[in-house]
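Please find one structure pasted underneath; my questions will follow.
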Amino acid sequence: MAEKLKNLFFTFAFIDQLGHAIRQENPAFDAASFEQLVFDESWHDKELKERMRHVSFCLRETLPSDYPMALDILLKVAPSFSSFDAMVFPDYVECFGLDHWDISLAALKIFTQISSSEFAIRAFLIKDPERAMASLLLWADDENHHVRRLTSEGCRPRLPWAVALPFFKEDPGLIFPVLEKLKDDESDYVRKSVANNLNDISKDHPELVLAICERWLGHTKNTDWIVKHACRGMLKKSNEKALQLFG
């Protein structure tokens, strides 16, 4: 039987490594207490994302109570980690950084380059959509493709495993300027996110997505691929305009 996904991450080895890394930056950090808090009696019953959130709260209990100070420590240790384990860093920001907007967003931009801040950024979008999207629009020009992908992936209205963004289901207007910037991105990793975002939007606003696809189709090979991938849901439902778009 395949190993359960939740047992592949946030393992004892990771928690031990994380505790030692934090202690190197902050000698007052009690790594043993942190480990004990993480592996409490409820640990085995938690699913993967529950475990990540639990680790974030255990960090809150054992790091300095001053959020900027705690965040500075995490920024220093984060580059030593990768994969899904490293998503605990943006999760910490999501949980405790909403009252420290500027430094928290700057941290998410860094953290997404070693894991992904696609879930964490949504808390900031919910709190202030226009302010958060203004930052994402700027990041869409960033030299790092992980940051550029975040600007699309983070604001997907129906991102799997993530909290929904009902205001973007109702009105996705703030999303479109970001997608316009990314439609010819050199990275297929980024372009795939653009297509997935448009596919999400098409479930609530097919006409808006079709209008964009009509403009983008024939622009470049990259935009042609995005359009086809973005319309997949509508094509499966035999949407007449989507079918006409592809002959």
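The values are calculated or read from the model by the stated rules, or taken from the named source; none is laboratory data. None of the values given here were measured: they were computed from a predicted structure. As a convention, Cβ positions derive from the backbone with ideal geometry for all residues, glycine included, and neighbour counts pool all protein chains shown. With ligands, DNA and RNA removed, areas are computed over all heavy atoms of the protein, side chains included. Shrake-Rupley method; radii C 1.70, N 1.55, O 1.52, S 1.80 Å.
Here's the yes/no breakdown for (1) in a loop (DSSP other than H, G, I, E, B); (2) at pLDDT 95 or above; (3) under 16 Å from the mean Cα position of the chain (by Cα):
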residue	(1), (2), (3)
Val55	no, yes, no
Glu61	no, yes, no
Pro64	yes, yes, no
Leu71	no, yes, no
Leu75	no, yes, no
Phe89	no, yes, yes
Ile103	no, yes, no
Ala107	no, yes, yes
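Continuing with this model, one more query. Among (1) charged (D, E, K, R); (2) over 19 Å from Ile22 (Cα atoms); (3) not in a loop (DSSP other than H, G, I, E, B), there is one condition Asp85 misses while meeting the rest; what is its number?
(2) is the only condition that Asp85 fails.
A further question follows. Conditions first: (1) open to solvent by 30 Å² or more (accessible area, probe 1.4 Å); (2) over 21 Å from Arg122 (Cα atoms). Asp102 passes all but one, so which condition is the exception?
Single failed check for Asp102: (2).
Could I ask something else about it? Taking the condition of being outside any loop (DSSP other than H, G, I, E, B) and exposed (fewer than 15 other Cβ atoms within 10 Å of the Cβ), how many residues in segment 126-145 meet it?
5
Quick check, is Leu210 touching a residue at least 24 places away in the same chain (Cβ under 8 Å), over 26 Å from Gln113 (Cβ atoms) and either open to solvent by less than 10 Å² (accessible area, probe 1.4 Å) or of a type in the set (S, T, N, Q) (or both)? Can you show your working first?
Details: touching a residue at least 24 places away in the same chain (Cβ under 8 Å): yes; over 26 Å from Gln113 (Cβ atoms): yes; either open to solvent by less than 10 Å² (accessible area, probe 1.4 Å) or of a type in the set (S, T, N, Q) (or both): yes.
So Leu210 passes the test.
Sticking with this one: Checking the condition over 16 Å from Asp91 (Cα atoms) and outside any helix (DSSP H, G or I), which residue from Glu35, Glu41 passes?
On the way: Glu35 fails: outside any helix (DSSP H, G or I).
Result: Glu41 is the single residue among Glu35, Glu41 that is over 16 Å from Asp91 (Cα atoms) and outside any helix (DSSP H, G or I).
Still on this structure, please answer the following. Among (1) open to solvent by 10 Å² or more (accessible area, probe 1.4 Å); (2) more than 24 Å from Ser56 (Cβ to Cβ); (3) outside any helix (DSSP H, G or I), there is one condition Pro157 misses while meeting the rest; what is its number?
Pro157 satisfies all of (1) open to solvent by 10 Å² or more (accessible area, probe 1.4 Å); (2) more than 24 Å from Ser56 (Cβ to Cβ); (3) outside any helix (DSSP H, G or I) except (1).
Give me a count of the residues in segment 189-201 that are open to solvent by less than 10 Å² (accessible area, probe 1.4 Å) and of a type in the set (S, T, N, Q). Give the derivation first.
Step one: filter segment 189-201 for residues open to solvent by less than 10 Å² (accessible area, probe 1.4 Å), giving 190, 193-195, 197-198, 200-201.
Going one step further and asking which of them are of a type in the set (S, T, N, Q), we end up with 193, 197.
Here the count works out to 2.
Taking Ser65 as meeting all but one of (1) open to solvent by less than 70 Å² (accessible area, probe 1.4 Å); (2) over 27 Å from Leu5 (Cα atoms), write down the number of the exception.
(1)
Hey, can you tell me all the residues within segment 77-87 that are open to solvent by 50 Å² or more (accessible area, probe 1.4 Å), within 16 Å of the chain's Cα centre (by Cα) and on the phi < 0 side of the Ramachandran plot?
Correct list: Ser82 only.
Please specify each residue of segment 105-125 satisfying the condition of being closer than 16 Å to Leu159 by Cα, open to solvent by 10 Å² or more (accessible area, probe 1.4 Å) and either without any contact (Cβ under 8 Å) to a residue 24 or more places away in the chain or hydrophobic (A, V, I, L, M, F, W, C) (or both).
Within segment 105-125, Phe119, Ala123 meet the criteria.
Now a separate question. I'm trying to understand the selection: among the residues of segment 222-241, which are over 17 Å from Asn196 (Cβ atoms) and modelled with pLDDT of 95 or more?
Passing the criteria: none in range.
Sticking with this one: Identify, from the list Gly173, Gly218, the residue that is among the small types (Gly, Ala, Ser), open to solvent by 50 Å² or more (accessible area, probe 1.4 Å) and more than 18 Å from the chain's Cα centre (by Cα).
When all the criteria are applied, what remains is Gly218.
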